[in-house]
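Reading through the structure tokens given below for one structure.
Values quoted throughout were computed directly from the atomic coordinates according to the rules given, and no laboratory measurement underlies them. Everything quoted here is computed from the prediction, not taken from an experiment. So basically every Cβ, Gly included, is an ideal-geometry build from the backbone, and we count neighbours across all protein chains shown.
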Amino acid sequence: MPNEAKDRREEERRMQAAGRLPPGQALTQKFPVLHYGPVPDIDITTWKLRAFGEVEEEKSWTWEAFLQLPTVTLTTDIHCVTGWSKFDTTWEGVLFRDFVALLRLKPGARYVIAHAAYGFTANLPLEVMLEDNVLLAYRYNGELLTPEHGYPLRTVVPQRYFWKSAKWVHGIEFSAVDKPGFWEQAGYHNEGDPWKEQRHQNAPF
Ligand SMILES: Nc1nc2c(c(=O)[nH]1)N[C@H]1C(S)=C(S)[C@@H](COP(=O)(O)O)O[C@H]1N2
Ligand SMILES: [Mo]
């Protein structure tokens, strides 16, 4: 085995032991691109982000308006269900929690459904989305997202497998009932916690 691969395996064992690399994951230095279907060609002049569902009043933001919102930058690890993890990815965007503070949620709001290009959706409980590291992200390493990685806007939910981080987001729905998203309907686990290895629907845990 070449030294590089050996070093990586060693690093993975250490990171697993240290509780940083979730079970069954391997480290990558690259930034793989993964999604179903083509990369959408988004016209930023007509793009809007719309918040709807269990809100007292629907709101929407043009790209210009969205850029006015206060942002945070955070560096976090991401974990894809296909088995790669990437450490120390740096994202800038609006903290989802701060975004929610701009709305008046109805008391029944319990789930968040991110709506993206071509009808793609990803669902999560509101309480997960309100954790302190969930972003509506539009910069990666200081640059606007590339089209493949979700330009103009994606969710970033580091504590779940990366399929829950929807690219090309244009709608945030608050819902009283859960609505399994695209990958969840395709057989992936509804919660998708990498620390519990919740990969597939029929996982024994
Ligand atoms: N709109 C949309 N977002 C998506 C997907 C998709 O198919 N469509 N795939 C998800 C999956 S399975 C993964 S692993 C991540 C990959 O993000 P990346 O291409 O930026 O690495 O995007 C997620 N977001
Ligand atoms: Mo994925």
_Can you tell me how many residues within region 17-76 are more than 17 Å from Gly171 (Cβ to Cβ) and not in a loop (DSSP other than H, G, I, E, B)?_
10
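Looking at Trp91, Trp61, Trp47 in this structure, which one is among the aromatic types (Phe, Trp, Tyr), within 26 Å of Glu127 (Cα to Cα) and more than 18 Å from the chain's Cα centre (by Cα)?
Just one listed residue meets the conditions, Trp61.
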_Of all residues being aliphatic (A, V, I, L, M) and in contact with a Lys or Arg (Cβ under 7 Å, 6 or more places away or on another chain) in region 151-170, which is nearest to ligand 1 (Cβ to nearest atom)? Just the residue, please._
Ala166
*With the checklist (1) farther than 27 Å from Glu57 by Cβ; (2) touching a strand residue (DSSP E or B) at 6+ places or on another chain (Cβ under 7 Å); (3) away from ligand 1 (no atom under 12 Å from the Cβ); (4) not basic (Lys, Arg) in hand, flag the one item Tyr188 doesn't pass.*
(3)
_Pull out all pairs, ordered by first then second residue, where Cβ-Cβ is under 7 Å, the residues are six or more apart or on different chains, the first lies in region 23-38 and is within 12 Å of ligand 2 (Cβ to nearest atom), and the second is of a type in the set (Val, Ile, Thr) and in a loop (DSSP other than H, G, I, E, B)._
Leu34/Thr82
_Subset tally (residues that are more than 16 Å from ligand 1 (Cβ to nearest atom) and in contact with a helix residue (DSSP H, G or I) (Cβ under 8 Å, 6 or more places away or on another chain)) for region 106-123_ = 3
_Residue list for region 152-179, restricted to those being β-branched (Val, Ile, Thr) and either touching a helix residue (DSSP H, G or I) at 6+ places or on another chain (Cβ under 9 Å) or within 16 Å of ligand 2 (Cβ to nearest atom) (or both)_ = Thr155, Val156, Val157, Val169, Ile172
*For Leu69, all conditions in the list (1) among the hydrophobic types (A, V, I, L, M, F, W, C); (2) crowded, with 17+ Cβ neighbours inside 10 Å; (3) in contact with a helix residue (DSSP H, G or I) (Cβ under 9 Å, 6 or more places away or on another chain) hold save one; what is the number of the exception?*
(2)
*If you check Gly187 against the conditions, is it touching a residue at least 60 places away in the same chain (Cβ under 8 Å) and more than 12 Å from the chain's Cα centre (by Cα)?*
no
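Taking the residues in region 101-119 that are in a strand (DSSP E or B) and out of contact with any His (no Cβ under 7 Å at 6 or more places or on another chain) as candidates, determine which candidate is farthest from His170 (Cα to Cα).
So, considering only residues that are in a strand (DSSP E or B) and out of contact with any His (no Cβ under 7 Å at 6 or more places or on another chain), the one farthest from His170 (Cα to Cα) is Leu105.
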*Which pairs have Cβ atoms under 7 Å, sit 6 or more apart or on different chains, and link a residue in region 72-85 that is within 11 Å of Pro194 (Cα to Cα) and within 15 Å of ligand 2 (Cβ to nearest atom) to one that is β-branched (Val, Ile, Thr) and outside any loop (DSSP other than H, G, I, E, B)?*
Ile78/Thr89; Ser85/Ile78
*For Glu148, work out the one condition from (1) under 19 Å from Arg110 (Cβ atoms); (2) surrounded by fewer than 23 Cβ atoms within 10 Å (Cβ to Cβ) it doesn't fulfil.*
(1)
_Here's a check for you: in region 171-185, which residue that is within 10 Å of ligand 1 (Cβ to nearest atom) and among the aromatic types (Phe, Trp, Tyr) is nearest to Asp41 (Cα to Cα)?_
Phe182
